[in-house]
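Engineer: Have a look at the structure that comes next, please.
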Amino acid sequence: MITSAAKLEQLQDRIESVIRGKSDVVRLSIAALIAGGHLLIEDVPGVGKTTLAQALARSFDCSFRRVQFTSDLLPSDVIGLTVFNQVDGVFEYRRGPIFANFILADEINRTTPKTQSCLLEAMAESHVTVENQTYGLPLPFMVIATQNPVEYHGTYPLPESQLDRFLMRLRMGYPALEDERDILRRQTAHDRVDDLEPVMTSTDVLEMQAEARKIKVDDSLADYILRIVKATREAEILDLGISPRGSLALFHTAQAIAYLEGRDYCIADDIKGVAVPVLAHRVVVNSRYSTGMRRTGENETALAEILRGVDVPI
C-alpha cells in the first residue's frame with residue numbers, strides 16, 4: 001500500500017493529541033475520509049465536535065474553510081454568487097467557501113432548510129451549479145458538519161435527503177473523568193489545534209481512497225450487507241429503511257476499516273462494527289415505537305435490534 005501503516009498511525013496520534021480519550025471516534029472519522037464520504041458529528045455543546053473536525057482537516061496539507069451556520073445564512077454565502085463587474089461590463093462568478101478540500105459546516109442544523117439544501121449537490125456530486133453553470137469542486141472534497149441534538153432550541157432538523165448524503169453520523173459523548181482531568185491539565189492560553197502540522201497531502205488522500213476501493217469484499221459479505229438492508233426495509237419498527245446509497249456507504253466504509261487495519265480484504269466484523277454509525281441516521285422509526293421527538297439514540301437502538309436478527313457469515 002502506498003500509504004504506510006506508520007503514517008496512518010501518526011495521523012491518528014496527531015488528532016488524538018487534541019481529542020483525548022476518543023480513539024474510536026477518531027478512527028471512524030479517518031475511515032469516513034478514506035471511504036470518500038462526508039461526516040456528521042452530533043452531540044451536546046462543548047464536547048469537542050468542532051475541535052475534532054478542525055483537527056482532522058488540519059492534519060492534511062489541503063485547503064480548509066469553516067462556515068458558521070446561523071439562521072440568517074444564505075445559500076450564496078456558501079456556494080458563491082454572480083455579480084456584475086462594472087469595469088469590464090460582464091457578470092462574474094465569485095466563489096464561496098465551498099471551494100475547499102475540507103469544509104467545516106459548524107452547527108449545520110441552526111440554519112434554514114433552504115441554506116442546508118445548497119450542500120446537496122456538492123455532497124453528492126462534488127460540484128455546484130450557479131446561474132446554469134456547473135463548477136467542479138477541488139478533490140478530495142469532504143464536508144464535516146457538526147450539529148446539536150435536534151430537540152435543542154433553535155435547530156432545524158436535517159431532512160432525510162440531507163442526512164442520507166452523510167457517510168456516517170458520530171457522537172462524541174462525555175470524556176472519562178481521567179481524560180477530562182488531562183484536558184484540564186493541558187489547558188493553555190492558545191488553541192492546541194493551531195499547532196497541528198499536516199501529516200499527509202491531498203495526493204496522499206486520493207491515493208488512500210483509490211487503494212481502499214480495491215479492498216476485496218467476498219460475495220458472502222456483500223450478501224450480508226444486503227440482508228441488513230432488506231431487514232431495515234421490512235422491519236415493522238421502521239417507516240423508512242436503507243436506500244441503495246446506504247448499502248454502498250456500508251460497503252465502502254467496511255473497505256476503509258480493512259484498509260486502516262492493513263488488510264487487503266474485508267471480514268464480517270468490519271461491516272458489523274460500522275453498521276450503526278453508517279446506517280442509523282438513514283432510518284426513520286415508526287411513530288408507534290417512537291417517543292415522538294426523534295430523541296438521541298432512538299435510531300441507533302432500533303438498528304442495533306435489527307442487526308441482532310441478521311445472520312453473520314462465518
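The values are calculated or read from the model by the stated rules, or taken from the named source; none is laboratory data. Bear in mind the structure is a predicted one, so any value in this text is a computation, not a measurement. Every residue, glycine as well, gets a Cβ built from its backbone with ideal geometry; the counts of neighbours run over all protein chains shown.
Engineer: With respect to Arg288, determine if the residue is without any contact (Cβ under 8 Å) to a residue 24 or more places away in the chain and part of a helix (DSSP H, G or I).
Structural biologist: Spelling it out, it is not the case that Arg288 is without any contact (Cβ under 8 Å) to a residue 24 or more places away in the chain and part of a helix (DSSP H, G or I).
Engineer: Let me ask something else about it. Across region 195-226, what is the total count of residues that are in a helix (DSSP H, G or I), loosely packed, with under 14 Cβ neighbours inside 10 Å, touching a residue at least 24 places away in the same chain (Cβ under 8 Å) and not hydroxyl-bearing (Ser, Thr, Tyr)?
Structural biologist: Selection size over region 195-226: 2.
Engineer: Somewhere in region 228-240, is a residue closer than 23 Å to Lys22 by Cβ and either touching a Leu at 6+ places or on another chain (Cβ under 6 Å) or assigned to a helix (DSSP H, G or I) (or both)?
Structural biologist: Restricting attention to region 228-240, the residues satisfying the condition of being closer than 23 Å to Lys22 by Cβ are none.
No, region 228-240 contains no residue that is closer than 23 Å to Lys22 by Cβ and either touching a Leu at 6+ places or on another chain (Cβ under 6 Å) or assigned to a helix (DSSP H, G or I) (or both).
Engineer: Checking Leu163 against (1) touching a helix residue (DSSP H, G or I) at 6+ places or on another chain (Cβ under 8 Å); (2) buried (at least 20 other Cβ atoms within 10 Å of the Cβ); (3) in contact (Cβ under 8 Å) with a residue 40 or more places away in the chain; (4) not polar (S, T, N, Q), which test does it fail?
Structural biologist: All conditions are met except number (2).
Engineer: Cβ-Cβ distance below 9 Å, separation of 6 or more or different chains: which pairs start in region 172-184 with a residue that is assigned to a helix (DSSP H, G or I) and end on one that is β-branched (Val, Ile, Thr) and at pLDDT 85 or above?
Structural biologist: Nothing qualifies.
Engineer: Go through region 14-47 and report how many residues are assigned to a loop (DSSP other than H, G, I, E, B), within 9 Å of the chain's Cα centre (by Cα) and either more than 17 Å from Arg165 (Cβ to Cβ) or not small (Gly, Ala, Ser) (or both).
Structural biologist: Residues flagged as assigned to a loop (DSSP other than H, G, I, E, B), within 9 Å of the chain's Cα centre (by Cα) and either more than 17 Å from Arg165 (Cβ to Cβ) or not small (Gly, Ala, Ser) (or both) within region 14-47 amount to 1.
Engineer: Let me ask something else. With respect to Thr155, determine if the residue is surrounded by 15 or more Cβ atoms within 10 Å (Cβ to Cβ) and in a loop (DSSP other than H, G, I, E, B).
Structural biologist: yes
Engineer: It is to be established whether one or more residues within region 273-284 are closer than 20 Å to Leu170 by Cβ, in contact (Cβ under 8 Å) with a residue 60 or more places away in the chain, under 23 Å from the mean Cα position of the chain (by Cα) and in a strand (DSSP E or B).
Structural biologist: Within region 273-284 (the criterion being closer than 20 Å to Leu170 by Cβ, in contact (Cβ under 8 Å) with a residue 60 or more places away in the chain, under 23 Å from the mean Cα position of the chain (by Cα) and in a strand (DSSP E or B)), the answer is yes, since at least one residue qualifies.
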